[in-house]
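The block underneath contains the structure these notes are about, expressed in structure tokens.
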Amino acid sequence: MALSELWAVEMLLAAFAGGAFGAAIGALPSFTLAGLLVVVGELYKLVVRTTGADAVPVDITGTIGFGVVLGPHVAFGGGAAALAYATKQGYLDGDFEYHPAKDVARGLGSKPDVLAVGGVFGVVGYWIATVSSSVSVPVDPVALGVVGSAVAHRLAFGYSLVGAAPSEWFDMRPDERGRDTEDSGGAVTDGGTPAVEPWLPYQYRWSDVAMLGAVVGVLGGYVAYLTASPFLAFGISVVALVFVNAGVANVPVTHHMSLPASTAALALVDAPAAQLTPAVVAGSVPLGLALLVGAAFGVLGSLLGEVVQRIFYAHAETHFDPPAASIVLTSLVVALLALLGVVESPVWVPLP
């Protein structure tokens, strides 16, 4: 995107509507829809490219899945900000175990002021991603928009940025001790909320997270190798979040593992992203190498997500997305490796 689009009225209106829509249906449901559109868009792109066409007529992934309609920087970020606002206003009810501003699976309905906040932060996310992309900051602009929007809503509505002293950031023991009791899902504060709120109570022990990252990384590398798509495995991971929305127990969140795995596997190919096809990938990179690199980046993404959740989520009062922050960091690693000549291409990550 060009900086000239930063103040384009049409794009601002669309971003506002995207953020308001994310608030209405909920941050996590909107992200699940984005994943579905990414899967559709990548399969469509694969079919078009394998027929020999020079260009894809409509970039469904970029314009809708990652655009102002359902892009996480717009819809998810707007939904999370509206949730933080609605909590401050005392609009929320229910029996959510954590601070209510973390309940990103819930929709917020049609209250005009809540939708307006979602819309404003949809614009904020759009601005961050547009500026980042336009000046070629070497990270995922969409993920950076999600992170920047979360920081902005915490500051705007008076929430703590991290919620704890540095000495407490990595201490999950209050939760671990509490889960051994019958009367609590974790040690609680005087306000009735857990003293520590792991982003996913079933997915935060280092060994568990690393193992999951390795498994998902292998699959991400494999899907990328077969399809030449850096985003298809990511989309599959996001679509799986429909089960999280439905309340199915212990479903892991893995898109911050599958995306860097697929990207790093394709970064081994000496070809521009627009020219990647399954035949080009298969002719350039051994499958075993793609799987090993995918596993390594899957583990890296999983561990960085865990670091972020312990610092910015577990002790705070609103949602700060660990996968988005992890993707910012892993995309930076891919870009740096490309600049150093360790890999052939940054694939979709901007380079300065």
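No lab work stands behind these numbers, since they all come straight from the coordinates. Bear in mind the structure is a predicted one, so any value in this text is a computation, not a measurement. For neighbour counting, all protein chains shown are included, and Cβ atoms are generated from backbone atoms with ideal geometry for every residue, glycine included.
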inquiry  = I need the phi-derived Karplus couplings for region 237-249: 6.51 cos²θ - 1.76 cosθ + 1.60, θ = phi - 60°, integer Hz, Gly and Pro marked x.
reply    = 4, 6, 4, 4, 5, 4, 6, 5, 4, 7, x, 5, 6
Given charges at Cβ of Lys, Arg, Asp, Glu: region 3-339 dipole, positive-most of Thr87, Ala265, Pro141 = Ala265
task = Mind giving me the FRET efficiency for Trp169 and Asn245? R0 is 41 Å, r the Cβ-Cβ distance, nearest 0.05 is fine.
result = 0.90
query = How much length, in nm to one decimal, is gained on full extension between Lys88 and Ala116, taken as 0.36 nm per residue of separation minus their Cα-Cα distance?
reply = 8.6 nm
task = With an 8 Å cut-off on Cα pairs and a minimum separation of 6 or more residues, tell me the relative contact order of the chain in percent.
result = 21
note = Note: Leu332 to Glu5 extended length (0.36 nm per residue) minus current alpha-carbon separation gives 115.3 nm
remark   = The ³J(HN,Hα) series, computed from each phi in region 75-85 with the Karplus coefficients 6.51, -1.76 and 1.60 at θ = phi - 60°, rounded to the nearest Hz and given as x for glycine or proline, is 6, 5, x, x, x, 5, 5, 5, 5, 4, 5
task = At 7 Å along the Cα-to-beta-carbon direction for both Ala53 and Leu226, put a label point, then send me their distance in nm to one decimal.
result = 2.3
Additional length obtainable on full extension of the chain from Ala282 to Leu13, 0.36 nm per residue less Cα span = 92.5 nm
